[in-house]
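As structure tokens, the structure follows; a few thoughts come after it.
The values are calculated or read from the model by the stated rules, or taken from the named source; none is laboratory data. The model shown is predicted, which means the values in this text are computed figures rather than measured ones. Backbone-built Cβ (ideal geometry, glycine too); neighbour counts: all protein chains shown. These area figures cover heavy atoms from the full protein model, side chains too; ligands, DNA and RNA do not enter into them. Shrake-Rupley method; radii C 1.70, N 1.55, O 1.52, S 1.80 Å.
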Amino acid sequence: IQLFNPKAYVVALALFSGFPFSYQSLIIETFLKFFISNAIWIPAHILWLYLGIIFNKINLTPATRGIINLFLAFLMTIAVLFSMI
């Protein structure tokens, strides 16, 4: 989903082109920006993975899983539609 998230593109574009950190060294600026990005993205992805593990351990009936999957698909569709507007 991250590939289709327009907010992520706006944030990345603002970070990498919106303002410079260091006028003296492009290498230091690039390193700092990648460090900041990864300091945010890696913990966020690890949290999502952990939540997926927790959710997978819950013993749900196939009908309940189907309802949850339909609900999440509906929410994702709504998010895509709103991002296209």
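Only residues that are part of a helix (DSSP H, G or I) and surrounded by fewer than 10 Cβ atoms within 10 Å (Cβ to Cβ): list them for the stretch 53-69, please.
To start, the set of residues in the stretch 53-69 that are part of a helix (DSSP H, G or I) comprises 53-57, 62-69.
Listed by number, the residues that qualify are Ile53, Ile54, Asn56, Lys57, Pro62, Ala63.
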Which condition from (1) over 18 Å from the mean Cα position of the chain (by Cα); (2) surrounded by 12 or more Cβ atoms within 10 Å (Cβ to Cβ) is the one that Met76 breaks? (1)
Looking only at the stretch 43-60, count every residue that is at pLDDT 90 or above and of a type in the set (S, T, N, Q) and tell me the total. 0
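What number of residues in the stretch 11-45 are β-branched (Val, Ile, Thr) and open to solvent by 100 Å² or more (accessible area, probe 1.4 Å)? If you could, list the steps in order and put the result at the bottom.
We begin by selecting, within the stretch 11-45, every residue β-branched (Val, Ile, Thr); these are 11, 27-28, 30, 36, 40, 42.
Going one step further and asking which of them are open to solvent by 100 Å² or more (accessible area, probe 1.4 Å), we end up with 27, 40.
Here the count works out to 2.
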I want to confirm something. Restricting to the stretch 20-36 and keeping residues that are part of a loop (DSSP other than H, G, I, E, B) and not hydroxyl-bearing (Ser, Thr, Tyr), which single residue is modelled with the lowest pLDDT? Phe21
